Amino acid sequence: MAVAVFAVQFFALHSDRASAQMSVPESTTQATALGQRQELPASPAAAPAGAAATMAPSGGAARPSAATAPAAATSSPICTTPAELVRFERPLVHTMQRLANALPLTIVAIGSSSTAGAGASSPDATYPSQLALELRMRLPGRDITVFNRGANGEETNNMMARFSTAVFAAHPQLVLWQTGTNSVLRDHPLNPHAAQLHDGIEQLKASGSDVVLIDPQFAPAVIAKSETEGMVEQIALASKQENVDLFQRFAVMRDWHNVQHLSFDIFASPDRLHMNDWSYACLAKLLGTAIAGAATRPIAAAAVHPAMDSAKPDVR
């Protein structure tokens with residue numbers, strides 16, 4: 001009750017400011033009405049598809065300078081997605097409290113190669129680095145650090161084995177956990193993974209952090225696997241059962257390809273598995289939208305979980 005009252009009071013005091021912070025420069029409509037999409041301008045770090053791919057080092061804090069980011073390619077498509085995919089259902093309580101008290105916010109991004117930055121042209125082009133820039137733009141004057149704890153080739157159990165040193169040691173208020181891809185690429189059964197996933201979420205929650213799950217990427221090498229859809233469904237179910245948020249990366253990227261008709265060359269690396277500069281930057285912008293929204297709206301509103309309805313029209 002105390003947290004809810006506090007959040008409502010904070011929102012009332014800062015709603016005008018939050019609205020200004022949530023707006024995207026040069027841009028975008030608030031995509032909440034039927035027929036609208038969440039559209040965002042190209043990221044400063046977006047590069048032409050097919051740019052040289054180098055492995056971004058893992059383990060560092062993402063604190064890049066906007067001045068060091070390469071210029072956007074003029075031919076890059078607009079970063080856009082259905083509005084419901086950039087709205088978290090659950091409040092980010094620990095993140096909200098940190099921001100409300102003007103305290104430093106620490107975020108840890110843990111995952112495999114698409115967190116570490118495989119396919120990115122530089123460490124500054126990884127999604128954690130771009131997310132740090134995005135959140136500082138949306139929440140000006142705040143001290144925000146995003147640690148990149150991605151490690152190439154890891155599965156859920158490998159990441160959990162690193163929780164103590166890679167996550168808990170940083171004392172984050174928010175953990176972004178990208179998982180599931182390598183398990184399906186290696187044709188591992190789904191059932192053991194489900195138990196690991198629930199155990200991992202419980203450990204993260206017990207540490208006092210908000211948790212956001214990130215599911216696999218929609219890329220040719222991933223969608224070719226028979227268990228991919230099952231993994232996406234498993235992660236979605238775990239987020240509901242554990243009452244944590246989910247960023248639907250698979251659905252976002254599927255929309256790019258199946259609805260917006262972007263070729264895989266636009267948002268996938270030449271290996272047909274990893275993301276590239278454009279897609280990492282877009283992922284960061286959309287994730288930043290979701291995080292800022294869930295951390296600045298009243299808990300009562302954020303805690304309303306709309307019922308799943310397969311017949312629900314696509315909100316764009």
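The values are calculated or read from the model by the stated rules, or taken from the named source; none is laboratory data. Owing to the predicted nature of the structure, the values given are computational and were not obtained by experimental measurement. Here Cβ is always computed from backbone atoms with ideal geometry, including for glycine, and neighbour counts include all displayed protein chains.
If you go through region 100-122 and keep only what is touching a helix residue (DSSP H, G or I) at 6+ places or on another chain (Cβ under 6 Å) and either aliphatic (A, V, I, L, M) or more than 28 Å from Gly208 (Cβ to Cβ) (or both), you end up with Ala100, Leu105, Val108, Ala109, Ile110, Ala120, Ser121. Tell me, please, whether a residue that is over 18 Å from the mean Cα position of the chain (by Cα), of a type in the set (Phe, Trp, Tyr), buried (at least 16 other Cβ atoms within 10 Å of the Cβ) and at pLDDT 95 or above can be found in region 204-224. Looking for residues that are over 18 Å from the mean Cα position of the chain (by Cα), of a type in the set (Phe, Trp, Tyr), buried (at least 16 other Cβ atoms within 10 Å of the Cβ) and at pLDDT 95 or above, one finds none in region 204-224, hence no. In region 164-203, the residue that is farthest from Asp245 (Cα to Cα) out of those that are without any contact (Cβ under 8 Å) to a residue 60 or more places away in the chain and polar (S, T, N, Q) is Thr165. Ala206 meets the conditions (1) more than 24 Å from His94 (Cβ to Cβ); (2) without any contact (Cβ under 8 Å) to a residue 24 or more places away in the chain in every case but one. The failed one is (1).
Taking the stated definitions as given, is Asp271 closer than 18 Å to Thr115 by Cβ, in contact with a strand residue (DSSP E or B) (Cβ under 6 Å, 6 or more places away or on another chain), at pLDDT 95 or above and of a type in the set (Asp, Glu)? Taking the combined requirement at face value, the residue does not satisfy it.
Conditions (1) small (Gly, Ala, Ser); (2) farther than 15 Å from Leu185 by Cβ; (3) in contact with a Leu (Cβ under 7 Å, 6 or more places away or on another chain); (4) in a strand (DSSP E or B), marked per residue:
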{"site": "Ala221", "(1), (2), (3), (4)": "yes, no, yes, no"}
{"site": "Lys225", "(1), (2), (3), (4)": "no, no, yes, no"}
{"site": "Arg254", "(1), (2), (3), (4)": "no, yes, no, no"}
{"site": "His261", "(1), (2), (3), (4)": "no, yes, no, no"}
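Taking the conditions (1) surrounded by fewer than 24 Cβ atoms within 10 Å (Cβ to Cβ); (2) under 21 Å from Leu273 (Cβ atoms); (3) out of contact with any Ser or Thr (no Cβ under 7 Å at 6 or more places or on another chain) in turn, Ser121 satisfies each one other than (3).
Can you pull out every residue in region 167-198 that is in a helix (DSSP H, G or I), in contact with a strand residue (DSSP E or B) (Cβ under 6 Å, 6 or more places away or on another chain) and buried (at least 20 other Cβ atoms within 10 Å of the Cβ)?
The first filter runs over region 167-198 and keeps only residues in a helix (DSSP H, G or I), leaving 167-170, 181-185, 190-198.
This time we only want the ones that are in contact with a strand residue (DSSP E or B) (Cβ under 6 Å, 6 or more places away or on another chain), so: 167, 170.
Selection gives Val167 alone.
Filtering region 156-191 to residues that are charged (D, E, K, R) and within 19 Å of Phe218 (Cβ to Cβ) leaves Arg186, Asp187. Only a single item in (1) crowded, with 16+ Cβ neighbours inside 10 Å; (2) free of Cβ contacts under 8 Å to residues at least 60 places away in the same chain is not met by Arg142, and it is number (1).
Just to be sure before I move on: is Glu89 touching a His at 6+ places or on another chain (Cβ under 8 Å) and either crowded, with 22+ Cβ neighbours inside 10 Å or at pLDDT below 95 (or both) in the structure I sent? Spell out the reasoning first.
Numbers: touching a His at 6+ places or on another chain (Cβ under 8 Å): yes; either crowded, with 22+ Cβ neighbours inside 10 Å or at pLDDT below 95 (or both): yes.
Yes; evaluated as a whole, the condition is true for this residue.
Please determine, by comparing only the residues of region 104-158 that are among the hydroxyl-bearing types (Ser, Thr, Tyr) and over 13 Å from the mean Cα position of the chain (by Cα), which one is nearest to Gln178 (Cα to Cα).
Initially, region 104-158 is screened for residues among the hydroxyl-bearing types (Ser, Thr, Tyr), giving 106, 112-115, 121-122, 126-127, 129, 145, 156.
Right, trim to over 13 Å from the mean Cα position of the chain (by Cα) and you get 106, 112-113, 121-122, 145, 156.
Details: Thr106: 17, Ser112: 7, Ser113: 10, Ser121: 20, Ser122: 20, Thr145: 18, Thr156: 9 Å.
This residue is Ser112.
Taking the criterion of being modelled with pLDDT under 95, under 19 Å from the mean Cα position of the chain (by Cα) and assigned to a strand (DSSP E or B), would at least one residue in region 57-78 satisfy it? Yes: region 57-78 contains one or more residues that are modelled with pLDDT under 95, under 19 Å from the mean Cα position of the chain (by Cα) and assigned to a strand (DSSP E or B).
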